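Worksheet: the structure to be examined is printed underneath.
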Amino acid sequence: MQTKFYLFILSIFALVSCEGSRTARMIDSVDHAIESHNNGDSTELIVLIVGGIILGILWLIWKNNKNK
C-alpha cells in the first residue's frame, strides 16, 4: 500500500509543470501563437499545427515499427 502511495506522489510531481520546464515552455509557445493569431499574424499558429501533425505522424510510424 505504501509503495502505491509513493508512486502516486511521484507521478503527481512528474505531471505538474514547473516554471521553465518543457511543459511550461510548450504552453507558453501555444499561448504566444494564439495571441499572435488574434493580432492578425497566423504564421506561428500554422507552423505549430503543421509541426504537431508531422510529429504525430512520425510518432505513429515509430510506434508501428517498434511493435513489429
Farthest positive-ward along the chain dipole, Cα basis, beta-carbon charges - from Trp62, Ile27, Gly51 = Trp62
Hey, rough spin-label estimate for Val30 and Asn64, points 7 angstrom out along Cα→Cβ, what's it come to in nanometres?
-> 2.5
Any idea what Rg and Dmax come out to for the chain if you just take the C-alpha atoms, in Å?
-> 17.5, 54
Note, segment 5-12: 3J(HN,Hα) by Karplus (6.51, -1.76, 1.60, θ = phi - 60°), whole Hz, Gly/Pro = x, goes 5, 5, 5, 5, 4, 5, 5, 4
Residue separation between Thr3 and Ile57 times 0.36 nm, minus their alpha-carbon distance, gives in nm 15.8 nm
Calculated from DSSP H runs of 4 or more alone, at -39500 (n - 2.57) each and per residue, what is the 222 nm mean residue ellipticity of the chain, nearest 500?
-> -28000 deg cm²/dmol
The chain - charge dipole about Cα centre, Lys and Arg +1 at Cβ, Asp and Glu -1, debye rounded to 20 = 720
How large is ³J(HN,Hα) for each residue in segment 52-65, as worked out from phi by the Karplus curve 6.51 cos²θ - 1.76 cosθ + 1.60 (θ = phi - 60°), to whole Hz, x for Gly and Pro?
-> x, 5, 5, 5, x, 5, 4, 5, 5, 5, 4, 5, 5, 5
Karplus-derived HN-Hα couplings along segment 41-51 (A = 6.51, B = -1.76, C = 1.60, θ = phi - 60°), whole Hz, x at Gly and Pro = 10, 9, 4, 4, 5, 5, 4, 5, 5, 5, x
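Read-outs throughout are calculated quantities, based only on the coordinates presented, and are distinct from any laboratory measurement. Keep in mind that what you see is a predicted model, and the values were worked out from it rather than measured. Methodologically, a virtual Cβ is constructed for each residue, glycine included, from the backbone with ideal geometry; neighbour enumeration extends over all protein chains shown.
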